[in-house]
Amino acid sequence: MLNAFQEGSVQAFEEIHNRYFLRLYAHAVKMLGNEDDAQDVVQEVFINLWAKSSSLQIHTALAAYLYTAVRNRVLNLIEHRKTYQSHLDALAAYIDESPAASTAGADQELLFAIFEAEIERLPGKMKAVFELRRQGEMSYSEIGDRLSLSDKTVKKQISNAIKILRSRLMQWRSQLVILFF
């Protein structure tokens, strides 16, 4: 069945999907505690399985490969959420520290607009890497695969983007404080 699938058999893919979907879904629900997220994770695994069918090198049992793929996707999703939440927390702390931002709710919108504008000013590759990490639920290796970069390069680009954005936002903060007082 695996060989037929790797040769492009839709029937073999459907057989694999029908055989493993519910088990993988239950596994993902147990890890995530959320049925919608679990379904998304398992669907992504099967989409990637189909997309890579001809080049796929499976050196273990198919079930082990699929369970590992689901586990890795779940862990990436959890990591992404933690990273995203930490960025939101840092931005919220920054906004709370700013006297100008604390004076009116409209100022928060201004800060978010500035933040988005500063992202747009990032160098091309850095911006692409940062946006993929920020908006998607992609790991460093997935971003690297998509952009033909190494994991280390992706991690470095994200780190540099954060440093640049932090520096630029500090400059804006100084200007806003002067502007509002």
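The values are calculated or read from the model by the stated rules, or taken from the named source; none is laboratory data. Being a predicted model, the structure only gives us computed values, none of them experimental. For neighbour counting, all protein chains shown are included, and Cβ atoms are generated from backbone atoms with ideal geometry for every residue, glycine included.
Numbers below:
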quantity	calculated
Within the stretch 77-181, helices (runs of 4 or more DSSP H) holding 3 or more residues that are outside the structural domain of Asp40 (by TED's automatic domain parsing) and modelled with pLDDT of 80 or more	105-120, 124-135, 140-147, 151-180
Residue check for Gln39: assigned to a helix (DSSP H, G or I), on the phi < 0 side of the Ramachandran plot, free of Cβ contacts under 8 Å to residues at least 24 places away in the same chain and surrounded by 13 or more Cβ atoms within 10 Å (Cβ to Cβ)	yes
The stretch 147-173 residues that are in contact (Cβ under 8 Å) with a residue 40 or more places away in the chain, paired with ones that are of a type in the set (S, T, N, Q) and not in a helix (DSSP H, G or I) (beta carbon under 8 Å, 6 or more apart)	Arg173/Ser98
Selection from the stretch 4-18 of residues that are in contact (Cβ under 8 Å) with a residue 24 or more places away in the chain and assigned to a helix (DSSP H, G or I)	Phe5, Gln6, Phe13, Ile16, His17
Lone unmet requirement of (1) of a type in the set (A, V, I, L, M); (2) at pLDDT below 80; (3) surrounded by fewer than 16 Cβ atoms within 10 Å (Cβ to Cβ) for Ala61	(2)
Matching option when the condition is closer than 18 Å to Glu142 by Cα, at pLDDT below 90 and crowded, with 16+ Cβ neighbours inside 10 Å, among Leu49, Leu56	Leu49
